[in-house]
Amino acid sequence: MKYKSLQQVYGESVRGNVPPRRHLRMLGEEVEETSNDDVDISEIKDEIRQAIDSLSLDDAKEARKLLAQIYNFPTYKHVKRKLGDKGYNKLIFKKFSSDVQRLIEDIPPGSRDQFLAYLQSPENELVFPKNKSTGKLSDLLGDRLDYKLVDYIMRHTGQDEGGRGVGMGELALALIFKNLGAGGQKKKTNVAAAEKAKDEAVAEFQANVGRTGYGRDTVKERIAGSNLDKSKYDNDYTYNLDKAYNDLFIATGEKVKGDLEIDGEEFEIKGEGATLGARPNDISDKHKGDTKNSLAKMGIEEKGKGYLVQGQQIPGLNNLPEAISTAYNFSEDKNAKNAFENVFKDFLKVSGELGSTDRYYNQLNFDLSNPASIQNGIGLLNFIDYAEKEGFKHFMTHDVGAKGVGDGRYVYVSGSPIQMAKKLLVSPAKFEKVSRSNLRPRIGFGGTYAGMTPTSVNVGETEDTSVDEEEEIEYY
């Protein structure tokens with residue numbers, strides 16, 4: 001049964017004239033903008049009672065829905081305040097607050113009240129643990145919150161004020177954990193500091209040099225990105241002015257890195273089956289000819305729904321690692337194997353647009369005789385490419401999906417791109433099986449994804465997964 005909203009029920013059922021926007025007071029939306037301090041609160045409560053008494057409800061489920069919406073009224077303002085405190089732009093946190101309010105309407109009253117009490121007790125907020133690399137989100141909540149409630153919010157998606165997607169999990173995590181906030185706070189802090197420094201430099205310039213040339217619109221275009229040579233300036237005030245404008249220009253141009261921030265550092269979040277950067281098809285469609293040529297050079301022919309290698313049929317287009325391994329093992333000597341490996345690396349750089357291949361190929365210790373090494377290496381190389389491009393130092397993937405799958409499993413890693421990649425290798429996270437049309441595999445925990453099976457790293461420890469950047473990886 002599809003329930004009507006409180007606004008619809010109110011508007012359709014109240015007898016007599018309905019005061020303009022009165023439904024908004026019951027919904028909890030725009031209440032700050034429409035409230036009147038001169039109005040007696042008792043009068044408003046009387047109006048609410050009269051409105052409820054006037055409703056002609058004849059369906060018990062509909063009545064319970066209305067009751068849940070009324071009891072859920074305080075959620076909006078508390079979520080809105082919390083999101084504002086966490087750095088979400090005012091253009092979006094109202095919508096998010098309304099969304100959360102609706103998302104948890106069907107949560108049991110006790111869980112809802114517990115959530116509201118939690119939002120109003122910032123001193124007792126949970127802290128997201130950076131020393132725990134894997135587990136379940138429900139374990140992090142303990143008995144503080146009902147995981148079902150958090151799970152509902154985890155499935156929320158939206159857009160921020162810049163049109164960037166705000167994916168599953170980000171909003172819930174920002175609401176729940178004290179040390180998490182909206183992405184971009186570091187940039188806002190840097191811009192504010194640069195603005196202050198610019199204003200001070202302008203004031204000093206005016207006081208000691210004069211107004212000529214101050215506030216020039218062309219300054220940022222002329223000096224942006226350049227290294228200012230102080231020796232070429234007649235005085236410190238002019239140099240400081242140009243430097244301040246330059247610093248401000250650079251600060252405002254900084255890219256927001258990561259979906260969230262954890263203790264002030266960029267934190268990227270990915271839900272089940274999320275892409276790491278460009279969509280696989282968008283890349284492969286551009287290089288169909290290159291891919292065919294590279295496979296031919298490796299002695300691989302696409303045949304039907306699989307691959308043909310030296311007369312041997314490899315079924316399944318997503319069994320490309322097995323086809324590559326089989327072809328490599330047919331190489332007769334070391335020189336032939338080296339030539340094969342060079343073709344394979346070019347294949348990654350061109351057909352997969354994996355630009356970090358030359359820098360990290362050896363560190364990932366690809367073993368082309370082993371399909372698992374090829375599968376894992378391509379997945380990790382794609383992650384490294386994405387991490388370098390986005391510039392985040394913290395990464396989390398979880399198995400909560402839009403279709404209701406997943407039970408809250410997560411993996412958290414931090415460090416440089418190669419360090420994070422190696423920590424992912426020893427985690428429960430998996431990559432989508434690679435194929436000739438998918439050299440940018442998605443990440444997740446799905447049963448159809450290929451698990452990673454390292455041997456040279458202790459997989460029994462999950463609390464401290466620091467990996468030396470020079471350490472090589474071996475595979476079964």
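Given the conditions (1) in a loop (DSSP other than H, G, I, E, B); (2) touching a residue at least 60 places away in the same chain (Cβ under 8 Å); (3) surrounded by fewer than 17 Cβ atoms within 10 Å (Cβ to Cβ), and given that GLU332 satisfies all but one, which numbered condition is not satisfied?
Evaluating GLU332 over (1) in a loop (DSSP other than H, G, I, E, B); (2) touching a residue at least 60 places away in the same chain (Cβ under 8 Å); (3) surrounded by fewer than 17 Cβ atoms within 10 Å (Cβ to Cβ) leaves (2) as the failure.
To keep it simple, each residue is scored yes or no on (1) among the acidic types (Asp, Glu); (2) assigned to a loop (DSSP other than H, G, I, E, B); (3) crowded, with 20+ Cβ neighbours inside 10 Å; (4) modelled with pLDDT under 95.
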{"residue": "ASP385", "(1), (2), (3), (4)": "yes, no, yes, no"}
{"residue": "THR397", "(1), (2), (3), (4)": "no, no, yes, yes"}
{"residue": "LYS403", "(1), (2), (3), (4)": "no, yes, no, yes"}
{"residue": "GLY406", "(1), (2), (3), (4)": "no, yes, yes, yes"}
{"residue": "TYR410", "(1), (2), (3), (4)": "no, no, yes, yes"}
{"residue": "MET420", "(1), (2), (3), (4)": "no, no, yes, no"}
{"residue": "THR448", "(1), (2), (3), (4)": "no, yes, no, yes"}
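Condition test on SER13, is it among the polar types (S, T, N, Q) and at pLDDT 75 or above? Don't jump to the end; show me each part of the working.
Values: among the polar types (S, T, N, Q): yes; at pLDDT 75 or above: no.
So SER13 does not fit the description; no.
Considering only segment 271-297, state which residues are at pLDDT 90 or above and either among the β-branched types (Val, Ile, Thr) or buried (at least 22 other Cβ atoms within 10 Å of the Cβ) (or both).
Those that are at pLDDT 90 or above and either among the β-branched types (Val, Ile, Thr) or buried (at least 22 other Cβ atoms within 10 Å of the Cβ) (or both): THR275, LEU276, ILE283, THR291, LEU295.
If a residue must be part of a loop (DSSP other than H, G, I, E, B) and within 23 Å of PHE128 (Cβ to Cβ), how many such residues does segment 422-443 contain? Please lay out each step first, then the result.
First, pick out the residues of segment 422-443 that are part of a loop (DSSP other than H, G, I, E, B): 426-429, 432-434, 436-437, 439-442.
Imposing the further condition that a residue be within 23 Å of PHE128 (Cβ to Cβ) reduces the set to 426-429.
Total satisfying the criteria: 4.
Is there a residue in segment 301-310 that is surrounded by 12 or more Cβ atoms within 10 Å (Cβ to Cβ) and in a helix (DSSP H, G or I)?
no
Looking only at segment 39-66, which residues are in a helix (DSSP H, G or I), in contact (Cβ under 8 Å) with a residue 24 or more places away in the chain and in contact with a helix residue (DSSP H, G or I) (Cβ under 8 Å, 6 or more places away or on another chain)?
GLU47, ALA51, SER54, GLU62, LEU66
Let me spell it out: the conditions are (1) modelled with pLDDT under 70; (2) more than 32 Å from the chain's Cα centre (by Cα), and VAL31 meets all of them except one. Which number is the exception?
It fails just one condition, (2).
Give the residues of segment 127-177 that are hydroxyl-bearing (Ser, Thr, Tyr), assigned to a helix (DSSP H, G or I) and either at pLDDT 80 or above or crowded, with 21+ Cβ neighbours inside 10 Å (or both), sorted by residue number. Can you show your working first?
Step one: filter segment 127-177 for residues hydroxyl-bearing (Ser, Thr, Tyr), giving 133-134, 138, 147, 152, 157.
Subset that is assigned to a helix (DSSP H, G or I): 138, 147, 152.
SER138, TYR147, listed by residue number.
Just checking, which of ASP259, ASP234, ASP242 is modelled with pLDDT under 85, crowded, with 20+ Cβ neighbours inside 10 Å and more than 18 Å from LYS393 (Cα to Cα)?
Working: ASP259 fails: more than 18 Å from LYS393 (Cα to Cα); ASP234 fails: crowded, with 20+ Cβ neighbours inside 10 Å.
Of ASP259, ASP234, ASP242, the one residue that is modelled with pLDDT under 85, crowded, with 20+ Cβ neighbours inside 10 Å and more than 18 Å from LYS393 (Cα to Cα) is ASP242.
Out of all the residues in segment 314-329, is one or more closer than 25 Å to ASN281 by Cα, surrounded by fewer than 17 Cβ atoms within 10 Å (Cβ to Cβ) and not acidic (Asp, Glu)?
Checking segment 314-329: at least one residue is closer than 25 Å to ASN281 by Cα, surrounded by fewer than 17 Cβ atoms within 10 Å (Cβ to Cβ) and not acidic (Asp, Glu).
Across segment 434-446, which residue is surrounded by the most Cβ atoms within 10 Å (Cβ to Cβ) among those that are over 18 Å from TYR386 (Cα atoms) and touching a strand residue (DSSP E or B) at 6+ places or on another chain (Cβ under 9 Å)?
PHE445
Select from segment 257-297 the residues that are closer than 30 Å to ASN342 by Cβ and either among the hydrophobic types (A, V, I, L, M, F, W, C) or outside any helix (DSSP H, G or I) (or both) and list them in ascending order.
Matches in segment 257-297: THR275, LEU276, GLY277, ALA278, ARG279, ILE283, LEU295, ALA296.
Would you call LEU149 within 21 Å of LYS80 (Cβ to Cβ) and in contact with a His (Cβ under 6 Å, 6 or more places away or on another chain)?
Details: within 21 Å of LYS80 (Cβ to Cβ): yes; in contact with a His (Cβ under 6 Å, 6 or more places away or on another chain): no.
It is false that LEU149 is within 21 Å of LYS80 (Cβ to Cβ) and in contact with a His (Cβ under 6 Å, 6 or more places away or on another chain).
GLN69 is checked against (1) in contact with a Lys or Arg (Cβ under 8 Å, 6 or more places away or on another chain); (2) of a type in the set (S, T, N, Q); (3) in contact (Cβ under 8 Å) with a residue 60 or more places away in the chain and fails just one. What number does that condition carry?
If we test GLN69 against (1) in contact with a Lys or Arg (Cβ under 8 Å, 6 or more places away or on another chain); (2) of a type in the set (S, T, N, Q); (3) in contact (Cβ under 8 Å) with a residue 60 or more places away in the chain, just (1) comes out false.
Filter segment 311-328 for residues that are part of a helix (DSSP H, G or I) and of a type in the set (S, T, N, Q); which is modelled with the lowest pLDDT?
Initially, segment 311-328 is screened for residues part of a helix (DSSP H, G or I), giving 317-328.
Still in the running and of a type in the set (S, T, N, Q): 318-319, 325-326.
On the way: ASN318: 87, ASN319: 92, SER325: 96, THR326: 96.
If we take residues in segment 311-328 being part of a helix (DSSP H, G or I) and of a type in the set (S, T, N, Q), then ASN318 is modelled with the lowest pLDDT.
The values are calculated or read from the model by the stated rules, or taken from the named source; none is laboratory data. This is a predicted model, so every value here is computed, not measured. Note that each Cβ is placed from the backbone with ideal geometry, even for glycine, and that neighbours are counted across all protein chains shown.
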